[in-house]
Every structure is written in structure tokens, then in C-alpha cells.
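What follows is a single structure, written as C-alpha cells, with notes after it.
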Amino acid sequence: MCMFASLLGSGHFPSLAMEEDKDGIGWMISVPIAACLLTQREVYVDSRLVPADYAGQSCWEFSFEIAVVSLDESYESFTTQDHSIAKNYIPDEVRPMVMVIVNRACSLLLNEQAPERVYFVTKGRNVPEKGLQKYWILMSTLEACGYEEIEHGTDPAGRTFWVMDRMGS
């Protein structure tokens, strides 16, 4: 069994670097947060801003996920947006920092790329109010970056979504 240890130094916030998404169609920020020396796996918070389509209109979708990467390929690398899976790879002391990292990454991506319209959606269906808290915080981040909500609702899959436009556009 592996014990994942924090890669975040005490009182030190990791630097954020934007790079082209692996598919070359958007932008991402990947931040290492934990590692297991025993199994040679590292855990990252990956935040992405990629072109998307909402109701027949072009927009950019912001999303985030946890990536578990096997450095020596002895385990299968994977990504997840499922909290119940991700929590097994994130040390307790790191968990409060995940949404801080996501929100700072979102700010950097939006400020650098300045998309006119941003879309984001819950990954689960019928998410309870407690589970929506991280999305309310994310919406506040977008508002602080100059975006305003123009629409929100539930898509046909039962997921809550938000559409935000850059003010003054």
C-alpha cells in the first residue's frame, strides 16, 4: 500500500505555469501536489481551458481534474473528476489546497487568454448543495476576473452548468 505525501511546502504556494494543452487546442496548468516514492506515482491538479460549443455558439470550457501519473509505468496512469476516487491519492493536509490551486489556475488562464465566453459544468449528476460549493467559489473567481453569469441550468444529463461572459464584450 502506498502513502502519498505532500509535495506542497509549508507556507509555500506552488508556482503556476500555463502551457499548451496536450491536444494542442487549449491551455492547461498542471500542479504536482503529492507523490508516493514506493510506487513512483505523482498526483497533479490539472486545470484546462479548451474550445467548446454551447448551444451552437463558440465558447471556452474551464475544467479541472486530478491526474495520477506512474513515473515508471508500473501502474496505469489516470485522471479523475470523481471526489471519492481522488481523495485516495490526496493527503489530508493537501485537500484544502486543491480548490485554491484550481481557482488560481482559473484566474491565470482567464487573464492570459481572455475568452469572451466561459462554460463550466459539474461532472456529477444532481450534485447536492454541499457538492456545489466548489462551483460557487469557482464562479466567484470568474466574477473577480471580469465575467458575469448569463445563464445556468441543468443539462440533459442532469449536470449543473454555468455560462459566463466577459463584461464589456
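The figures follow:
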item	result
Length-normalised contact order for the chain - Cα pairs under 8 Å, 6+ apart - percent	17
The chain: angle of helix 95-113 to the longest principal axis, Cα-based, in degrees nearest 10	50
Extension reserve of the ILE25-ILE150 stretch, reckoned as 0.36 nm per residue once the Cα distance is removed	42.5 nm
Cysteines, the chain, no other Cys beta-carbon under 4.7 Å	CYS59, CYS106, CYS145
Solvent-accessible area per residue for segment 36-169 (1.4 angstrom probe, square angstrom)	53
Two-decimal Rg to Rh for segment 70-140 - Kirkwood Rh, Cα set	1.01
Taking the C-alpha atoms of segment 1-73, convex hull volume expressed per residue in Å³	122
Formal net charge of residues neighbouring LEU132 (Cβ-Cβ distance under 13 Å; K, R +1; D, E -1)	+4
Reported label for calculated Rg/Rh (Cα atoms, Kirkwood Rh) given (i) 0.95; (ii) 1.05; (iii) 0.97	(iii)
Hull-based mean projected area of segment 32-72, where the convex hull spans the alpha carbons, in square nanometres	3.5
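The values are calculated or read from the model by the stated rules, or taken from the named source; none is laboratory data. This is a predicted model, so every value here is computed, not measured. Because the Cβ atoms are built from the backbone with ideal geometry, glycine has one as well, and the counts that use them run over all protein chains shown. Heads up: the accessible areas ignore ligands, DNA and RNA and are worked out on the full protein's heavy atoms, side chains in. Shrake-Rupley method; radii C 1.70, N 1.55, O 1.52, S 1.80 Å.
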